[in-house]
Amino acid sequence: MKIALLSDLHANRQAVEAVWQHAQEQGFDQLVMLGDYVDYGADPVWVVEFAQAREAEGAVLVRGNHDDALGEDTTSKMSSHVLPSLSWTFAQLSLAQREWLTALPLSAEVGPCLMVHANAHNPAGWEYIQGRSEASRSLIASRQPFVFCGHVHQQCLYHLSHLGKSGEFIPVDGAPISLSPARRWLAIPGSVGQPRDGDPAACYATFDTGSATLTFFRVPYDHDTAAQRIMDAGLPAGFAQRLIHGR
């Protein structure tokens, strides 16, 4: 089974359209979306409708902290700089759309993989995977040998041996990586809608469960139009600059 992994779409229609076309050209059997469909970007309604359509076709979706923050019983503690766009996003979406977002599960299992937005050890706490320590903690907490997370907007791959030795590396665009069964693995496919590693190209990944082969991709898209739409909506200019500079 080949899985396409999309995360942190963040209401960026132009990036989602480019990644979706690229993923279809690569081919896959199962789509998984790792949360944060909304906020920051100017097209939350379009992206939610896209996600709902993919779910109706059989995609597996989990909830992100920006999605969770739209509910009354949210566990997400958002930074003050996010509140203007979050309030604007709340007003754009219907009650039914907000309820759909906040009802998405925190995690899901797909074959030998655990899918979660933030981490496996405390999904509702929204702690970031910032290094080997957090990655190892999540791998130990999961009964699955492969864990896929969003939340962090940069692509990365961590591993943990049966002796407790951990490692990490930054992947290369389009280069398949064979994941050894002697280790457990945690992968972050990066953000479709708001990359933050200095490259404005959108991120996603595919994973073939049969061959245990993981491939990370970068997809250029019209980030200037996406940035202009943020400005036209009256959202914080810094969110537009992030798309242009990729950080």
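Only the coordinates and a few stated rules stand behind these numbers; no lab work does. No experiment lies behind these values; they were computed from the predicted model shown. Reconstructed Cβ throughout: ideal geometry from the backbone, glycine too, with neighbour counts over all protein chains shown.
Where both residues lie in the chain, what percent of DSSP beta bridges are antiparallel, nearest 5?
Expressed as a percentage, antiparallel bridges in the chain total about 70.
For residue 228 and residue 141, what does the FRET efficiency come to when R0 = 41 Å and r is the distance between their Cβ atoms, rounded to the nearest 0.05?
The calculated FRET efficiency here is 0.45.
Principal axis lengths of the range 1-147 from Cα atoms, whole Å, largest first?
Largest first, the range 1-147 extends 40, 36, 24 Å along its Cα principal axes.
Choose one answer from 170, 140, 188: the residue with the largest mean-square fluctuation in a GNM of the chain with alpha-carbon springs under 10 Å.
Result: 170 has the largest fluctuation of those listed.
Relative to the present Cα-Cα distance, how much length would full extension add between residue 209 and residue 154 at 0.36 nm per residue of separation?
Extra length from residue 209 to residue 154 when fully extended: 17.5 nm.
When the label point is put 7 Å from the Cα of residue 25 along its Cα-to-beta-carbon vector, which residues of the range 211-247 have a backbone N closer than 18 Å?
What the label zone holds, given the 18 Å backbone N cut-off, is 215-223.
Please order 88, 126 by the number of other Cβ within 10 Å, starting at the fewest.
The most exposed by this proxy come first: 88, 126.
In Å and on Cα atoms, what radius of gyration and Dmax does the chain show?
Cα only, the chain: 16.8, 53 Å (Rg, Dmax).
Order 203-215, 60-72, 102-114 from most to least packed using the mean count of other Cβ atoms within 10 Å.
Descending mean neighbour count gives 60-72, 203-215, 102-114.
Just grab the label-to-label distance for residue 75 and residue 108, each label 7 Å out from Cα along the Cβ direction, in nm (one decimal).
Simple spin-label model gives 1.9 nm for this pair.
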